[in-house]
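Worksheet for the structure shown next.
Every read-out reported here was derived from the displayed coordinates using simple, explicitly stated rules and does not represent laboratory data. Computed from a prediction, not measured in an experiment: that's the story for all the values here. Here the Cβ positions follow ideal geometry from the backbone for every residue, glycine too, while neighbour counts run over all protein chains shown.
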């Protein structure tokens, strides 16, 4: 996800800086130019440092949850069954995104959008921390409490803008995602409930490669 989210945040850097500079200027009673000079420095630092740190935290959470479910599943098979059942319906698949936001399986745009929305949560808190640090040093004459409040409110405004956009994108792509998931499982069950399918077949199903002329599920081709 970081290879998608990081460039996207860099592209959105200018509108985000504009939003936050307007909020900071209004809250701190300073000119637009002065607010902009502080906002672009703070946002550049939070984008270059905060996004990778947030992704790293979520990636650690993802690895930890997989190891936890694997170990607990050996003792309690019901836990492993519940964990694997997240693939069985579109809504459960989407609901499992918080546990795998850093590295989403498959290439579905709906899951990517949902994962990007989840990654905004740790990114928000890290951005506030980093931008507060930068702004306190840039605006030394301003009270620390006022800078902290301004940074919080500026980030709430900019991240609300990003979150609403990603939620709308996810909702827009969701119907097509449901259709692909239903088709995927239809092909899976047609292979025979008692027959194991090969790794190549399952990979074809998981990555939604249905544009192939033939998908021979019985012969593993």
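When residues of region 109-135 are filtered for being within 15 Å of residue 44 (Cα to Cα) and over 11 Å from the mean Cα position of the chain (by Cα), how many remain?
Kept after step one, since they are within 15 Å of residue 44 (Cα to Cα), are these residues of region 109-135: 123-124, 126-135.
Still in the list and also over 11 Å from the mean Cα position of the chain (by Cα): 124, 126-135.
The number of residues fulfilling the criteria is 11.
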### Message
I'd like to check which helices (runs of 4 or more DSSP H) are fully inside region 1-71 and have at least 3 residues that are over 21 Å from residue 150 (Cα atoms).
### Response
2-11
### Query
Counting just the residues of region 166-179 that are touching a residue at least 40 places away in the same chain (Cβ under 8 Å) and surrounded by fewer than 16 Cβ atoms within 10 Å (Cβ to Cβ), which one comes out farthest from the chain's Cα centre (by Cα)?
176
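Do we have residue 26 as more than 20 Å from residue 119 (Cα to Cα) and buried (at least 16 other Cβ atoms within 10 Å of the Cβ) here? Before you say what the answer is, go through the steps one by one.
On the way: more than 20 Å from residue 119 (Cα to Cα): yes; buried (at least 16 other Cβ atoms within 10 Å of the Cβ): no.
So residue 26 fails the test.
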